[in-house]
Amino acid sequence: MHKQAQLAATLVVGVVIILAVAMASNRPTAQQVIPQGDDSVATLVQSCLQQSLEQAVIDYGAEPRWCYKDGVLAHFDDAYTRVSDLVRSNLQSCIDLTNRQNVEAGAPSVRLAFGTDGITAGLSFSPPLSVTTNTGKQRFTDFTADRGVRLRLIVTAAERLADDVDSVTLFERTRQMLEADDITARFTTLGDEHTLTVTDEHTGDAFTCKILLPPGQSTLNGLLPVFDSGTCVQAYAGLPSSCIVHALDPDSAYVDVVSLSPDVQVEQQGPYAAKLSFTAASALSELDIPLRLRDSENNFKDVTLTVQVVPLV
């Protein structure tokens, strides 16, 4: 990942995917009854494969998962592996040919392809599935099923947004690029819970990340002020000093700068600037000033301003 080092080590992103499925699909049931007829077995297998794929997407969406944890960003390969496993598991509970004397089938093999417009599941048997009837033996080689959910695009979009979540510039750039593919992203906050929702506007499917932020930060950097130290670069030891800092926030009407040190006074200088007044001790080579940036939506982020202390000659 190209920016993992930039993300806070304590940033934990818990992901719960909500796939809005505009269709009625039943979980495959074990030992379905096979009707008589030359194509009855093939019809059952085809039906089970379709149901198994659709149910796998639903099951995958109901599982909580991590998008970013312990410095590791989740990748699309995790989704591919998990959905494949769910399809295989669903098929095992759906297809039961053991009591059919006129049916022969080798070991099943399931393969999935995640395309730009959906998922295709393929099923084959080795040796092939064959059904013997009074008219002869009929063989069935490959079965396929499709599900129109752009899971690759949705998961990859959330992955990219999580990777850029620490930079307002990169995050907004990524969000604008995704909108060209009808993918939208938004943040909501309820108490201490922060949620990133990535929605495929083409299908209505959505991907939701639950985010627990590091200490001293009440919302994502993408929605918080961008801090600029302004003129607060250096101060002379033992003398009163003052300087101007800036805190820009494109989605807030103003940003208050609050000093977390009793030795530093703050005076607001408009909606996005503040004047700091302090005296640096002569024994210091640099002074760390803890500040809290609070926007008009009551979100906050704690930052530390470091000022170089110049000794008097």
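Derivation of every value follows stated rules applied to the coordinates shown; laboratory data play no part. Keep in mind it's a predicted model, so treat the numbers as computed, not measured.
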Here the tail fraction of P(r) beyond 19 Å, over all Cα-Cα pairs of region 224-310, rounds in percent to 33 percent
Could you give each residue of region 75-88 its phi-based ³J(HN,Hα) in whole Hz, using Karplus coefficients 6.51, -1.76, 1.60 with θ = phi - 60°, and x for Gly or Pro? 10, 4, 4, 5, 5, 4, 5, 5, 5, 4, 5, 5, 4, 4
